[in-house]
1. If you count, for each residue, the other Cβ atoms within 10 Å and average over each peptide, how do 329-339, 491-501 line up from highest to lowest?
2. Please work out the Cα center distance from segment 137-163 to segment 1-75, rounded to the nearest Å.
3. Using only Cα atoms and rounding to the nearest 10 degrees, what angle (0 to 90) does helix 423-442 make with the longest principal axis of the chain?
4. Taking a ≥ b ≥ c as the square roots of the eigenvalues of the Cα gyration tensor of segment 36-192, is the shape rounded (a/c under 1.5), prolate (a/b larger than b/c) or oblate?
5. Is segment 121-204 best put as rounded, prolate or oblate by its Cα gyration tensor, with a ≥ b ≥ c the root eigenvalues, rounded for a/c under 1.5, and otherwise prolate when a/b is larger than b/c, oblate when not?
6. Shape verdict for segment 174-503, please, from the Cα gyration tensor: rounded (a/c under 1.5), prolate (a/b greater than b/c) or oblate.
7. What is the angle, in °, between the Cα long axis of helix 362-377 and the longest principal axis of the Cα atoms in the chain? Nearest 10 is fine, range 0 to 90.
8. Please determine, in degrees from 0 to 90 and to the nearest 10, the orientation of helix 213-227 with respect to the longest principal axis defined by the Cα atoms of the chain, where the helix direction is its Cα long axis.
């Protein structure tokens with residue numbers, strides 16, 4: 001479907017605003033391609049030039065968004081709000097939000113932050129490889145200082161951490177997110193303890209093997225093909241940290257491979273496919289406008305967690321996909337569906353790495369990060385104390401202490417680009433369970449469809465109920481449109497209690 005202009009009967013003020021905003025969106029997407037290239041294809045020596053390129057682009061987009069001409073167009077569209085339909089009003093609302101979060105931030109600060117962020121990714125990667133937090137700490141201090149200055153310019157009377165949180169989760173108050181976190185911590189910790197103390201021993205048929213990267217890559221490619229990844233609009237590559245980048249025309253995914261753990265790459269690939277499915281499901285004709293853009297970090301994560309956990313970790317999926325695994329990986333001929341299903345759902349409380357965490361302890365990893373993140377941003381934790389605080393909190397929540405910074409506070413790339421962004425992972429898991437429950441009332445025999453490799457009905461349901469709306473609805477309204485009620489943790493807790501009680505024979 002071609003990219004469309006606003007309808008001819010839309011007010012001229014709205015048409016003018018959308019025309020200007022689209023140019024800004026296109027520049028941002030160009031920056032996204034350069035960022036993808038840095039993490040996937042660019043030689044490490046290219047960082048100084050790439051930092052300057054992205055800094056220059058950020059300056060251009062900042063100037064366009066804060067120009068008098070753009071402000072006048074936005075005000076004119078707001079003055080014509082009574083003549084706009086629901087989607088058009090939502091587009092203006094979102095453009096206003098972007099403008100308000102940019103107008104008072106100096107262009108020089110925007111450039112400095114962009115350049116520092118780009119440089120920091122390589123510094124983080126080198127520090128992690130060297131297991132040397134001190135190498136990264138000065139850059140982390142600079143990132144915090146720049147981010148806090150930006151937050152003060154955006155909203156000087158609002159707590160800094162809350163301003164930064166709203167970058168990725170604008171419509172779910174931080175207080176409400178923390179209430180969800182408290183409830184999850186209260187209910188997941190006893191469940192994990194019960195599994196650890198009294199649960200059955202689950203199979204681990206993939207442990208102890210050696211799986212060449214080229215075989216794992218072929219398996220990940222096969223998984224994407226079986227699920228239905230659109231190769232005309234995407235690709236798979238390897239990166240230091242799995243991620244997805246792009247838009248509804250070009251949604252690229254990455255994964256990473258561990259020689260002794262093929263499940264890590266496979267589940268990461270399916271997870272990133274979920275992100276790509278959201279991007280590719282956005283209305284193509286609305287590209288460059290808020291109606292053709294994803295809503296928030298939490299909603300994005302709901303799509304990746306749905307495909308990873310509610311599809312890729314189910315027994316029906318392994319009935320369907322285990323033969324493909326055996327085609328690509330040696331030494332697994334005798335593995336049964338039940339063994340594979342148990343293996344991908346084992347609980348590993350002593351696991352140190354978030355992206356390798358199981359479905360339950362994963363959220364303790366997230367809560368740990370959010371607490372440390374907030375304490376650091378708000379000045380209650382000095383940078384040199386982060387490794388010790390990280391290790392102490394991991395011991396408290398998970399009963400394990402990292403031996404190295406690479407396994408501890410250096411394991412995630414996220415601080416190189418933003419603070420207050422980890423909440424979306426858990427919010428996404430909560431929303432994914434709620435969406436899954438609603439889908440199963442609308443779509444008949446979901447498990448049977450998964451078992452037969454028929455994933456199109458699930459994709460269609462997500463397209464209709466989530467993707468097609470773009471940024472039309474705030475988070476709670478989107479959840480209510482899709483499921484009939486605002487966001488709630490009930491479905492997630494019911495889902496994990498039922499699933500893991502059954503798996504572990506409790």
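1. Details: 329-339: 13.9, 491-501: 17.3.
The packing order, highest mean first, is 491-501, 329-339.
2. The distance from the Cα centre of segment 137-163 to that of segment 1-75 comes to 23 Å.
3. 80 degrees
4. oblate
5. Oblate.
6. Since a/c stays below 1.5, the shape of segment 174-503 is classed as rounded.
7. 40 degrees
8. With rounding to tens, the tilt is 70 degrees.
Read the figures in this text as sums done on the coordinates, not as results from a lab. All values derive from a computational prediction rather than experimental measurement. We place every Cβ from the backbone using ideal geometry, glycine too, and count neighbours over all the protein chains shown.
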